[in-house]
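Student: Please read through the structure below; I'll follow up with questions.
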Amino acid sequence: MTLLIITGTLVSGLTIVICVTALVLSFGASYYIWQLALGNKSRKIISEAETEAEVIRKEKILQAKERFLQLKTEHEKVINEKNSRIAQSENRIKQKELTLSQKLEETQRKKNEADTIRENLTSQLDLVEKKTEELSKLHRQQVEQLEAISGLSIEEAKNHLIESLKEEAKTGAMSYINEILDEAKMTANKEAKRIVIQTIQRVASESAIENAVTVFHIESDEMKGRIIGREGRNIRALEAATGVEIIVDDTPEAIVLSAFDPVRREVARLALHQLVTDGRIHPARIEEMVDKTRKQVEEEILEVGKRTTIDLGIHGLHPELIRLIGKMKYRSSYGQNLLMHSREVANLCSIMAAELGLNPKLAKRAGLLHDIGKVPDDEPELPHAILGMKVAEKFKEKPEICNAIGAHHDETEMTTLIAPIVQVCDAISGARPGARREVVESYIKRLKELESLALQYPGVMKTYAIQAGRELRVIVGAEKVSDKEAEGLSFEIARKIQNEMTYPGQIKITVIRETRAVNYAK
């Protein structure tokens with residue numbers, strides 16, 4: 001039994017060994033066959049790769065040859081171009097050398113000619129110097145002879161000649177000036193008078209003089225107490241709201257409103273009128289009524305501006321310019337209402353421009369806007385003509401109008417024909433008797449300056465400013481001033497007044513020279 005078991009075990013082990021051996025042999029055979037097949041395939045791939053590499057190598061060699069040939073061609077082309085430029089440079093250099101040699105030869109030739117001319121000039125200068133010395137000697141001899149004959153030295157004779165020439169030139173210049181003035185008067189004075197007189201006759205305007213106060217009339221003195229209020233609270237509220245000084249005195253049935261700004265006075269007057277009409281007067285009501293009245297005045301200003309432009313036939317103005325035109329109603333210049341003055345100047349400009357063959361509409365527009373610089377809201381420290389010109393430029397007015405506004409007081413140069421027309425019409429409107437008034441102190445000061453200015457001239461004995469400063473009479477001594485000198489003195493005084501003084505209109509200067517013989521019968 002044991003033997004059978006052992007025998008079976010051996011058979012089983014042998015079987016296993018045989019199986020393992022068979023498996024190993026089969027694996028080995030399979031590996032060998034696989035290696036054999038792989039080797040054949042590898043050799044085939046290598047052979048194909050070598051063939052393809054050979055083809056690629058030949059293609060690269062061909063490409064390299066083609067690239068080499070291309071580079072060679074380009075290199076030869078560049079070399080040829082460089083050689084061509086070098087040849088051209090050599091030709092230019094040769095040409096320049098040839099030109100330079102020609103110039104050197106020309107320079108040498110001119111140098112030789114200059115040397116010859118210099119030698120000739122030197123000899124001529126020597127001759128001139130000799131002649132000059134001879135002439136100087138001869139001149140000195142002649143001067144000595146003249147001094148001996150006349151009894152005057154050279155300086156004395158020269159001064160005497162200069163003085164005589166100065167007097168002769170001064171007399172001739174004055175005569176020439178008088179001839180020119182007479183000719184200008186003959187040719188232009190008649191036509192100028194006709195145009196100006198016709199223009200003034202065709203414009204009728206009011207002579208309005210405004211004050212710095214407004215008198216407000218009330219029905220009874222009882223209303224004064226209500227306006228003043230308890231302990232003066234109503235009048236203080238009214239003054240604070242309007243900026244106007246309210247004067248309540250013993251004047252019967254009247255209250256005085258005082259302020260330098262006419263708009264403020266008008267607001268205070270209208271507000272006070274409505275308060276008195278309504279009967280309810282207390283601080284809250286006063287403030288409410290003042291605000292309401294101020295808006296009404298602004299609307300009235302716009303309405304006045306629009307009505308003015310419509311009346312004058314002026315269109316296309318900027319709304320802000322229309323508002324400024326309306327504000328002119330509440331402004332005055334030397335007591336003359338600014339709006340009335342501007343309307344008058346506009347009409348004068350239109351008529352005068354039509355007479356002279358210019359554009360009357362453009363002149364009228366410039367005349368209306370010429371004093372627009374007097375009513376701005378900010379009022380900077382600028383002359384009103386310059387400020388008005390800047391305002392007109394800001395609101396896109398034409399350059400002719402802007403120049404006329406800025407030049408109507410000669411503060412800028414006149415560049416158009418409209419500008420002198422505006423200046424003349426402004427003078428006509430302002431210089432009209434009764435149109436304007438000045439403060440008494442400044443008026444008296446101006447007259448004294450006018451008289452003292454003429455007294456500074458030699459030969460003047462007395463001066464009188466008459467006709468409200470529009471004429472200056474100068475009395476000179478007959479023994480000190482001749483008739484010709486009197487004409488020149490009048491001209492010089494007029495020019496000095498024009499350059500140094502400021503005045504409305506024009507001033508006539510009359511120089512009076514008279515001789516009096518006085519005797520007494522005893």
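The values are calculated or read from the model by the stated rules, or taken from the named source; none is laboratory data. Remember, predicted model here, so these are calculated numbers, not experimental data. Here Cβ is always computed from backbone atoms with ideal geometry, including for glycine, and neighbour counts include all displayed protein chains. Remember, those area values only see protein heavy atoms, side chains included, never the ligands or the DNA or RNA. Shrake-Rupley method; radii C 1.70, N 1.55, O 1.52, S 1.80 Å.
Student: Which one of the conditions (1) modelled with pLDDT under 90; (2) surrounded by 10 or more Cβ atoms within 10 Å (Cβ to Cβ) does I5 fail to meet, given that it meets all the rest?
Tutor: (2)
Student: Check off (1) open to solvent by 80 Å² or more (accessible area, probe 1.4 Å); (2) part of a loop (DSSP other than H, G, I, E, B) for I281 and give me the number that stays unchecked.
Tutor: The number of the failed condition is (1).
Student: Kindly indicate whether I314 is assigned to a loop (DSSP other than H, G, I, E, B), open to solvent by less than 20 Å² (accessible area, probe 1.4 Å) and in contact with a Lys or Arg (Cβ under 8 Å, 6 or more places away or on another chain).
Tutor: For I314, the condition - assigned to a loop (DSSP other than H, G, I, E, B), open to solvent by less than 20 Å² (accessible area, probe 1.4 Å) and in contact with a Lys or Arg (Cβ under 8 Å, 6 or more places away or on another chain) - is met.
Student: Consider A346 against the criteria (1) of a type in the set (A, V, I, L, M); (2) over 30 Å from E500 (Cβ atoms); (3) under 21 Å from the mean Cα position of the chain (by Cα): it satisfies all of them except one. Which criterion is unmet?
Tutor: Failing condition for A346: (3).
Student: Exactly one condition in (1) over 20 Å from N178 (Cα atoms); (2) in a helix (DSSP H, G or I) is false for F491; which is it?
Tutor: Among (1) over 20 Å from N178 (Cα atoms); (2) in a helix (DSSP H, G or I), F491 violates only (1).
Listed here are the residues, each with its yes/no results for (1) surrounded by 19 or more Cβ atoms within 10 Å (Cβ to Cβ); (2) touching a residue at least 40 places away in the same chain (Cβ under 8 Å).
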site	(1), (2)
I286	yes, yes
V290	yes, yes
E303	no, no
G326	yes, no
A346	yes, no
S350	yes, no
